[in-house]
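One structure below.
The values are calculated or read from the model by the stated rules, or taken from the named source; none is laboratory data. Since the model is a prediction, treat every value here as computed from it, not as a measurement. Cβ placement follows ideal geometry from the backbone for every residue including glycine, while neighbour counts extend to all protein chains displayed. Note: accessible area is taken over every heavy atom of the protein model, side chains too, but ligands, DNA and RNA are not part of it. Shrake-Rupley method; radii C 1.70, N 1.55, O 1.52, S 1.80 Å.
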Amino acid sequence: QVQLVESGGGLVQPGGSLRLSCAASGFTFSNHVMTWVRQAPGKGLEWVSDVISGGGNTYYADSVKGRFTISRDNAKNMVILQMNSLEPEDTAVYYCAKDRRKFSSGSSALDAWGQGTLVTVSS
């Protein structure tokens, strides 16, 4: 069974940093685009970032570009989201998600999700 387990969320002050991790199992990790999405209080699901199967190409929402960095370690079945210069607007539950495809093509085809980890940015 596909399993995605996020960790690393917590409370951080504006301008601070957090590193989110996602441990994946139950599928051939290296064959899939991996994605981070988030849901802020009172809002719908928002796509944050993608990394292709080999880790070379990354994509970011305009709202996080320049502040967040996605990466992956295929040997460890891990996806990382390094979040810097955090803003109150980044407060959300962050989910790691598996894409059905090996390469991104301008849209997502997500078929599995983690349980989420809460990030709260507040003074």
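Filter the range 49-59 for residues that are in a loop (DSSP other than H, G, I, E, B), of a type outside the set (A, V, I, L, M, F, W, C) and open to solvent by less than 40 Å² (accessible area, probe 1.4 Å) and give the result.
Those that are in a loop (DSSP other than H, G, I, E, B), of a type outside the set (A, V, I, L, M, F, W, C) and open to solvent by less than 40 Å² (accessible area, probe 1.4 Å): 53, 55.
Does the range 78-93 hold any residues that are polar (S, T, N, Q) and either crowded, with 22+ Cβ neighbours inside 10 Å or at positive phi (or both), and which are they?
Correct list: 85 only.
Going by the structure shown, is residue 104 farther than 17 Å from residue 2 by Cα, loosely packed, with under 14 Cβ neighbours inside 10 Å and either touching a residue at least 24 places away in the same chain (Cβ under 8 Å) or touching a helix residue (DSSP H, G or I) at 6+ places or on another chain (Cβ under 9 Å) (or both)?
No; evaluated as a whole, the condition is false for this residue.
Which residue, of 62, 111, is among the acidic types (Asp, Glu), open to solvent by 60 Å² or more (accessible area, probe 1.4 Å) and more than 19 Å from residue 23 (Cα to Cα)?
62
May I ask you to verify whether residue 75 is among the hydrophobic types (A, V, I, L, M, F, W, C), surrounded by fewer than 17 Cβ atoms within 10 Å (Cβ to Cβ), free of Cβ contacts under 8 Å to residues at least 12 places away in the same chain and under 21 Å from residue 8 (Cα atoms)?
So residue 75 passes the test.
Considering the range 114-123 alone, what residues qualify as being more than 16 Å from the chain's Cα centre (by Cα), open to solvent by 20 Å² or more (accessible area, probe 1.4 Å) and either at pLDDT 95 or above or under 18 Å from residue 44 (Cβ atoms) (or both)?
The one that is more than 16 Å from the chain's Cα centre (by Cα), open to solvent by 20 Å² or more (accessible area, probe 1.4 Å) and either at pLDDT 95 or above or under 18 Å from residue 44 (Cβ atoms) (or both): 122.
Give the residue, chosen from 38, 19, that is touching a Phe, Trp or Tyr at 6+ places or on another chain (Cβ under 9 Å), closer than 16 Å to residue 95 by Cα and assigned to a strand (DSSP E or B).
Testing whether each residue is touching a Phe, Trp or Tyr at 6+ places or on another chain (Cβ under 9 Å), closer than 16 Å to residue 95 by Cα and assigned to a strand (DSSP E or B) leaves just 38.
Out of contact with any Leu (no Cβ under 6 Å at 6 or more places or on another chain) and free of Cβ contacts under 8 Å to residues at least 12 places away in the same chain: which single residue out of 62, 90, 50 fits that description?
The match here is 62.
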